[in-house]
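Q: There's a structure below that I have some questions on.
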Amino acid sequence: MDRRTLVKYLAGASAAGALAGCISTEDPSGNGDGNGNGDGDGNGNGNGNGEYEDDEDWPTVEPEGVSGEAELWHDLSEGEQDSFDSYIEEFNDSYDITISPEAVSELEDQTTASIPAGDGPELFVWAHDWVGKYYENGFLSDQSDNLNIDPEEYFGENANSARYDGATLGLPFAAETVALVYNKEYVDEAPETFEEVLEVAEEYHAPEDNTYGFTWPMDAYHVSAFPHGFGGYYYDEESGELGLTNDETIAGFQYVIDNVWDYMPADPGGEAQQSVFIEGNSPFLITGPWNLGNFEDNDLDYGIAPWPEVEGNEPSPFTGVQLFYFAAAMDEDQERADSAIGFAEWYTTNTSLIAEQADKHGFIPVHNAFADDGEESGELSENLQGFSAAVNQGNPMPTAADFQAVWEPLETEWFEALNGNKSVEDAMADAESQIQDAWN
């Protein structure tokens, strides 16, 4: 697929398009004192390849007077990891700091086991929903007083994704959510309503030929758009109350069972659903930007669109913000902590790097340089427009520690309803009971 570059910066220019939430367009006020727009040789910023240029109004924040080492854990896909490693290599070559990345499978298990034992990293990468639970368990470090930037100046409201109970526990670098992906061999353009989606699904659904009208991982994260869209919710962060048994939540789940499930492969798991679409055997898939590499590797002619309205309702998926988390190890060694902060600030303020990540991997920028200030100075790729529009439709995942106990019972009981073993009402009542037991 011939993809367009996200943006090639011109002097004083910002990218067009409102991205992750209500991003402000303030100019930096002096806390980011990078010394220019160089070529990645240690005297400035940028990735040095000339394809993605820096925004001179937003100089990359460079570490000054810092030397040392720090460890960073992540669970990125293969393609994302290749880019990530190249950025870390560039940073290590440019400054007197060595960041050691490590790809870690089962990142939650590894961090919850290693950090309390004193064996964890200074930084790790994950979406923002672990903030509350990890902070309350003592796994994170408050670096509010040690940053060289004001996160709100660079990331607007998205800075709050890395805060909990007044503590600054990381820095954000990208937003993500799931959207409607369509195969252009089946449909020329994105449907405007879900009723149109179902008409296409009906036309092409032929399980006997291994072709399905719709594919959609049925885990609680991917399916969240419909309960939210019908006016329901899983968990209210302000009140701390569950909403699984609300009529609106149940109506959203019920719509999926009554109208969509029959067009899908019998296995609700993500791998089974995605593989059907990637093999070209379905017109639609609900997924996030992490699958872009798979689509292009398989030469799919695809498009990405926000969620079509359903019965007059706008679906609203859960959204996440990817963070560099400040792990508890930063409290043990100030030199290593400063090295970790130096890298995190460099990475999250580097506009050329962010543009490249957006273009190659669909990472939706949260840096204010990419916010819409009315300047028609660049354009988003079509793929990124679809995902960014879906983010603007969405609901941020709660950060409260209690919310982490919601996922497993909800998903287990939702699958019971999906497979016809329970009504949605009974399944959600059982899920709420299990969650309340876990809280107590």
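The values are calculated or read from the model by the stated rules, or taken from the named source; none is laboratory data. Computed from a predicted model, the values in this text were never measured in an experiment. Note: ideal-geometry Cβ built from the backbone for every residue, glycine included; neighbour counts use all protein chains shown. Just the protein is used for accessible areas: all its heavy atoms, side chains included, with ligands, DNA and RNA removed. Shrake-Rupley method; radii C 1.70, N 1.55, O 1.52, S 1.80 Å.
Q: Determine ³J(HN,Hα), in whole Hz, for all residues of region 299-304 in sequence, where each value follows from phi through the Karplus function 6.51 cos²θ - 1.76 cosθ + 1.60 and θ = phi - 60°; x replaces Gly and Pro.
A: 6, 6, 8, 10, x, 10
Q: What list of ³J(HN,Hα) couplings, whole Hz, do you get for region 308-320 from phi and the Karplus terms 6.51, -1.76, 1.60, once you set θ to phi - 60° and write x for glycine and proline?
A: For region 308-320, the Karplus-derived couplings read x, 5, 10, 6, x, 9, 9, x, 9, x, 4, 10, x Hz, x marking Gly and Pro.
Q: I've got another one for you. Can you work out the FRET efficiency for the pair Thr112 and Ala272, with r the C-beta to C-beta distance and R0 = 30 Å, to the nearest 0.05?
A: Approximately 0.60, to the nearest 0.05.
Q: Cross-link candidates for Lys184: which aspartates and glutamates have Cα within less than 17 Å, leaving aside residues fewer than 8 places away along the same chain?
A: Asp2, Glu192, Glu196, Glu199, Glu202, Glu203, Glu279, Glu296, Asp297, Asp299, Asp301, Glu382
Q: For region 237-245, just list the computed ³J(HN,Hα) in residue order, Karplus coefficients 6.51, -1.76 and 1.60, θ = phi - 60°, integers in Hz, with x standing in for Gly and Pro.
A: 5, 6, 8, x, 9, 7, x, 5, 9
Q: Among Gly166, Gly213, Gly270, whose mean-square fluctuation peaks in a Gaussian network model of the chain (Cα, cutoff 10 Å)?
A: It is Gly166.
Q: Projecting each Cα onto the charge dipole of the chain (Lys/Arg +1, Asp/Glu -1 at the beta carbon, about the Cα centre), which of Ser83, His222, His128 comes out farthest on the positive side?
A: His222
Q: Multiply the residue separation of Glu199 and Asp96 by 0.36 nm, subtract the distance between their alpha-carbon atoms, and state the gained length in nm to one decimal.
A: The Glu199-Asp96 span can extend by a further 31.2 nm.
Q: Report, for the chain, the % of DSSP beta bridges that are antiparallel, rounded to 5.
A: Antiparallel bridges: around 70 percent, rounded to the nearest 5.
Q: Report the one residue of Asn392, Trp407, His74 whose Cα lies farthest in the direction of the positive end of the charge dipole of the chain (charges on C-beta: Lys and Arg +1, Asp and Glu -1; origin at the Cα centre).
A: Towards the positive end, the residue furthest out is Trp407.
Q: Moving on to the next point. Please give the calculated 222 nm ellipticity per residue for the chain, where each DSSP H segment of at least 4 residues contributes -39500 (n - 2.57) and the sum is spread over every residue; nearest 500 deg cm²/dmol?
A: -9500 deg cm²/dmol
Q: I've got another one for you. Over the alpha carbons of region 94-183, what is the largest minus smallest coordinate on each principal axis, giving the biggest first in Å?
A: Cα spread of region 94-183 along its principal axes, largest to smallest: 46, 35, 33 Å.
Q: May I ask you to rank Asp301, Asp236 by accessible area, largest first, using a 1.4 Å probe over the protein chains only?
A: Highest to lowest solvent-accessible surface, that is Asp301, Asp236.
Q: Of Lys422, Lys133, Lys360, which is the most mobile in a GNM of the chain whose springs link Cα atoms less than 10 angstrom apart?
A: Top of the fluctuation ranking is Lys422.
Q: Please give me the summed charge of the neighbours of Pro217: other residues whose Cβ is under 13 Å from its Cβ, Lys and Arg +1, Asp and Glu -1.
A: Net of charged neighbours comes to -4.
Q: Could I ask something else about it? Work out the length of the dipole vector of region 197-275 about its Cα centre, built from +1 on the beta-carbon of each Lys and Arg and -1 on the beta-carbon of each Asp and Glu, and round it to the nearest 20 debye.
A: 80 debye
Q: With Cβ to Cβ distances under 12 Å as the rule, what net charge do the other residues near Leu140 carry (K, R +1; D, E -1)?
A: Around Leu140, the charge tally is -3.
Q: Match the structure shown to one of the listed values [x] 22.0, 66; [y] 23.7, 78; [z] 22.4, 75 of Rg and Dmax of the Cα atoms in Å, computed from it, and give that label.
A: [x]
Q: Post the alpha-carbon centroid distance, region 394-435 to region 116-174, in whole angstrom.
A: Spelled out, the Cα-based centre of one part sits 27 Å from the other.
Q: Suppose all protein chains stay in the model; what accessible area per residue would a 1.4 Å probe give for the chain, in Å²?
A: Accessible area per residue: 39 Å².
Q: Still on this model: Among Gln274, Val181, Gly420, flag the residue with its Cα farthest along the positive direction of the charge dipole of the chain, charges on Cβ as +1 for Lys/Arg and -1 for Asp/Glu.
A: Of the candidates, Gly420 comes out farthest on the positive side.
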